[in-house]
Amino acid sequence: MQLLPDLYVVGGSLIGLTGSQVKGPFDDCNVYALDIGSEIILIDTGNGDSWPTIQEHMQQWGLDTRKISTALITHPHYDHAQGAHLLQEAGITLVAHTYTADAMEKGDERCCGYLYHRVFTPVSVDQVRKDDEQFTVGALTVQSIHLPGHTLGCTGFLISWRGKKVLFSGDVIGTLGYGHFGWNGSIDFTKQVYIKSLLKLSTIDFDVMLPGHGLGSFTNPRERVEESLNEALMTWR
Ligand SMILES: [Zn+2]
């Protein structure tokens, strides 16, 4: 589904594109595709089982899957990153925060395969990014924003796109379509660190927020950040 010019959501169970809506919203994450002309960038990979369907959607919508060059990974949970090894086999460059890369390389409990009664397939990330780093993918400038808490490697990716500042927020916030934080069962879930990340995010300017599950916010996304911050401050101390 097209969200902005040349920006699509191509996977996700909560929005009914991939995975199982019966199993629940966290069966498969939202996968976004950004067509920058010379190449296509994906945000997150999905759970691997959905990779063929993601490619079908892209082809139906006129996106040339052979142009996919890069996948930016928000965190190592199975529903976001299990597809990474398949993408790498297809020649796609994997980019992730150093902590996320470490979890994915080990494929350990931080990847939460147990939640799906599956084993995460370890994969070596090609480009490892630090906490807050500006980097380029082709002609696109990407700002990574380290937002630990849901996991210790959680990273948002901020871009300027067609006059709007677009944040791919992963599971840090708004994962069920309203102001709320992500699932709190991860072994590296850390409340106090999470509160600091929500405070940090509340100071960052962006126009559109595209989360790891459910619907995005095209108007006043910061209100959702502030709602989550308020709830965290009220309930986590
Ligand atoms: Zn997650």
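The values are calculated or read from the model by the stated rules, or taken from the named source; none is laboratory data. Quantities reported herein were computed from a predicted structural model and do not represent experimental measurements. A quick note on method: Cβ atoms are made from the backbone with ideal geometry, for glycine too, and the neighbour counts reach across all protein chains shown. All accessible areas refer to the heavy atoms of the entire protein, side chains included, with ligands and DNA or RNA removed. Shrake-Rupley method; radii C 1.70, N 1.55, O 1.52, S 1.80 Å.
Of the residues 79, 126, ranked by 1.4 Å probe accessible area with the largest first, the sequence reads 126, 79.
Give the percent of DSSP beta bridges with both residues in region 2-235 that are antiparallel, rounded to the nearest 5.
Numbers: 25 of 40 bridges.
So the antiparallel bridges amount to about 60 percent of the total.
Only Lys, Arg, Asp and Glu carry charge here, each on its Cβ (+1 for the first two, -1 for the last two); on that basis region 2-235 has a dipole of about 260 debye about its Cα centre. Straight-distance candidates among the lysines for linking to residue 23, with alpha-carbon spacing under 30 Å and chain neighbours fewer than 8 residues away dropped: 106, 191. DSSP assigns beta bridges within region 26-77; of those with both partners inside it, close to 50 percent run antiparallel.
Spin-label model, residue 6/residue 136: points 7 Å from Cα along the beta carbon direction are separated by 1.5 nm.
Report the longest stretch of the chain that contains none of the chymotrypsin sites (Phe, Trp or Tyr not before Pro) sitting in a DSSP loop with at most 15 other Cβ atoms within 10 Å.
Details: sites that count: 61, 178, 218, 236.
Answer - 62-177.
Which of rounded, prolate, oblate describes region 153-220, given a ≥ b ≥ c as roots of the alpha-carbon gyration tensor eigenvalues and a/c under 1.5 marking rounded, otherwise prolate only if a/b is larger than b/c? Don't skip to the end; give the middle numbers.
Working: a/c = 2.10, a/b = 1.61, b/c = 1.30.
Prolate, since a/c reaches 1.5 and a/b exceeds b/c.
Does the chain classify as rounded, prolate or oblate by the C-alpha gyration tensor (a ≥ b ≥ c root eigenvalues; a/c under 1.5 gives rounded; else a/b over b/c gives prolate, otherwise oblate)? Taking the square roots of the gyration eigenvalues as a ≥ b ≥ c, the chain is rounded.
Cα gyration tensor of region 75-202, axes a ≥ b ≥ c as square roots of the eigenvalues: rounded (a/c below 1.5), prolate (a/b > b/c) or oblate? It would help to have the intermediate numbers written out before the result.
On the way: a/c = 1.72, a/b = 1.07, b/c = 1.61.
Oblate, since a/c reaches 1.5 and b/c is not below a/b.
Amide hydrogen proximity for residue 170: with H placed 1.01 Å from N in the peptide plane, the residues at 5 or more positions away or on another chain lying under 5 Å are 212. Relative contact order for the chain: 15 percent, from Cα pairs under 8 Å spaced at least 6 residues apart, divided by residue count. The alpha-carbon of residue 164 sits under 21 angstrom from the alpha-carbons of these lysines, leaving out residues fewer than 8 places away in its chain: 200.
Starting from region 116-148, pick out the trypsin sites (Lys or Arg not before Pro) whose DSSP state is loop and whose Cβ has at most 13 other Cβ atoms within 10 Å.
Details: sites: 118, 129, 130; in loops: 118, 130.
Here the trypsin sites (Lys or Arg not before Pro) that fit, given the DSSP loop and packing criteria, are 130.
Distance from the alpha carbon centroid of region 114-148 to that of region 215-237 works out to 23 angstrom. With contributions of -39500 (n - 2.57) from each DSSP H run of at least four residues, the per-residue ellipticity at 222 nm computed over the chain stands at -6500 deg cm²/dmol.
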